[in-house]
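Below is one structure, written out as structure tokens, with a few remarks after it.
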Amino acid sequence: MKRSTTRLLLEEITKNDLQLVHELHSIPELDEFNTLGIPKDLEETKKVIQSGIDDQSKNPRSEFAWKISLKESGKVIGLAGMFPSNDRFRLAEIYYKIHPDFWGQGFATEVARELVRFGFDELKLHKVEAGVASENSRSIRVLEKIGMTKEGLRRKILPIRGEWKDNYHFAIVEDDTRDY
């Protein structure tokens, strides 16, 4: 399943993307707020992406995992995903990670908007959520820009490099005002 925005193409990850995903997960700046940590080898990365690949043949889907590339050049600049609940709550959690060379250009906002739009318009969700480390000001700003509301704080829930970090819970519901 492909998704498209003005400047970006989102294509589902395949086993052929293993090296690419491994390289993105190995960038220290992208690991700063990541609970997975930097993978020790390709096998560890394979385990991380396998469930998303396996889920592509299921209906309903419980996981979507996309690589993000620039439409103009085809260069892969990040990863994004969604975990629908597939129950009466009709909600999903989203994530995104953009290569540091492309920070500050609005790509994360563009991707996050597309994930929310996809969730509401195509999956018919009631609510889209995102968790973010309380110190991750860049991602907090992205979630605010797409109209998500900070709903709460989960204290010391994120295991990041041997420390427990706080997490803000953001969400948007289907009848919230949005301009996309």
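No value in this document is a laboratory result; all are computed from the given coordinates. All values reported here derive from a predicted model rather than from experimental measurement. With ideal geometry, Cβ positions are generated from the backbone for all residues, glycine too; neighbour counts draw on all protein chains shown.
Tabulated data for the structure shown
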| item | result |
| --- | --- |
| Greater than 18 Å apart at Cα, pairs in 46/67; 127/165; 15/47; 97/156; 58/127 | 127/165; 97/156; 58/127 |
| Hydrodynamic radius of the chain per Kirkwood, over alpha carbon pairs, in Å | 16.7 Å |
| Residue 13 long-range amide H proximity, modeled H, under 5 Å | 65, 66, 67 |
| Equivalent-ellipsoid semi-axes of the stretch 134-180, from the Cα gyration tensor, Å, largest first | 25, 11, 6 |
| Label zone at residue 138, where the point sits 7 Å out along the Cα-to-Cβ direction: the stretch 63-78 residues whose backbone N lies under 13 Å | 78 |
| Tensor-based shape of the stretch 103-149 (alpha-carbon gyration tensor, a/c under 1.5 rounded, otherwise prolate or oblate) | oblate |
| Environment charge at residue 148 (Cβ cut-off 12 Å; Lys +1, Arg +1, Asp -1, Glu -1) | +1 |
| Neighbour net charge for residue 131 - beta-carbon separation under 14 angstrom, K R +1, D E -1 | +2 |
| Cleavage-rule hits (GluC sites (Glu not before Pro)) in the stretch 1-103: DSSP loop, at most 12 neighbouring Cβ within 10 angstrom | 72 |
| Normalised contact order of the chain, rounded percent, pairs of Cα under 8 Å and 6 or more residues apart | 17 percent |
| Hz values of 3J(HN,Hα) by residue in the stretch 64-81 - Karplus curve (6.51, -1.76, 1.60), Gly and Pro given as x | 10, 9, 10, 8, 10, 10, 6, 4, 5, 10, x, 5, 7, 10, x, 9, 8, x |
| Distant-in-sequence amide H partners of residue 149 (H built 1.01 Å from N, under 5 Å) | 171, 172 |
| Most positive-pole-ward Cα, 36, 20, 1, against dipole of the stretch 1-45 from beta carbon charges | 1 |
| DSSP-assigned coil residues among trypsin sites (Lys or Arg not before Pro) in the stretch 12-67, each with at most 15 further Cβ atoms within 10 Å | 40, 58 |
| Estimated distance in nm for a label pair at residue 72 and residue 154, the labels positioned 7 Å out from Cα along Cα-to-Cβ | 3.8 nm |
| Within-13-Å neighbourhood charge of residue 28 [Cβ basis; K, R +1; D, E -1] | -2 |
